[in-house]
């Protein structure tokens, strides 16, 4: 899959020590005495999606000695507008029995963005764009490299923002039942204008006022999920054609996160039911 040339940020993590403008904040219950809980990818666990085998960003259960892991990787300040896209590849270990979770959050305060101060605080990163495995289900985090894509929304115009990737796992750490190991690779932030449609297989969607959700792509869609704002999955359905229709008339009025699966890619959109 090729990326368009209008990327505002493109990072493959060849050397995480040399990252420019990134911030790493570990406010877990009991963070390690040394380091920030993020490290250069370990190819003995699994190799990178692309490039050198260790060229990815990693974190794991050692980000906290117990209880709640809240470990943040925060992107540089970017000027973004509604419809701009943040995407990356991520995965965990095959057959993992210790669930992982990742949130994609946004602060609209640019260089003045406030970092979180404890494991439950989110600072100024109050806008949740997407999440992976919100309910910490075994098998709920991708076990092979999978592309995730979330769209920026809720801005009044071009805004200086910061995007954060939050490794957030309750009952985690050395003694917990959750948290294993995740990798993040090929982070891209792109402007909406000029992005080639084929990058996401010509994916299109629309939600009518009667709750009719229409989905289409140039290749068969493989699945769809809808989550409410609390992370509860309210719709899950396998798909198999290039044009699919679902009815969400049973859902209450409000905001939801739509996740559509196409050939190993997960596309996330915020949708509002009126």
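The values are calculated or read from the model by the stated rules, or taken from the named source; none is laboratory data. This structure is a prediction, so every number in the text was calculated from the model and none was measured. Note: ideal-geometry Cβ built from the backbone for every residue, glycine included; neighbour counts use all protein chains shown.
Condition check for residue 112 on (1) in contact (Cβ under 8 Å) with a residue 24 or more places away in the chain; (2) under 30 Å from residue 158 (Cβ atoms); (3) out of contact with any helix residue (DSSP H, G or I) (no Cβ under 9 Å at 6 or more places or on another chain): one failure, at (1).
Only a single item in (1) touching a residue at least 24 places away in the same chain (Cβ under 8 Å); (2) within 14 Å of residue 80 (Cα to Cα); (3) outside any strand (DSSP E or B) is not met by residue 156, and it is number (1).
When restricted to residues that are in contact with a helix residue (DSSP H, G or I) (Cβ under 9 Å, 6 or more places away or on another chain), surrounded by fewer than 16 Cβ atoms within 10 Å (Cβ to Cβ) and in contact (Cβ under 8 Å) with a residue 40 or more places away in the chain, the range 23-51 contains 0. Note on the range 1-80: enclosed strands (runs of 3 or more DSSP E) holding 2 or more residues that are within 27 Å of residue 172 (Cβ to Cβ) are 23-26, 38-40, 57-60, 69-74. Residues in the range 62-77 that are in contact with a strand residue (DSSP E or B) (Cβ under 8 Å, 6 or more places away or on another chain) and surrounded by fewer than 20 Cβ atoms within 10 Å (Cβ to Cβ): 76, 77. Exactly one residue out of 138, 184 is assigned by TED's automatic domain parsing to the domain that holds residue 102, in a loop (DSSP other than H, G, I, E, B), closer than 25 Å to residue 62 by Cβ and under 18 Å from the mean Cα position of the chain (by Cα), and it is 138.
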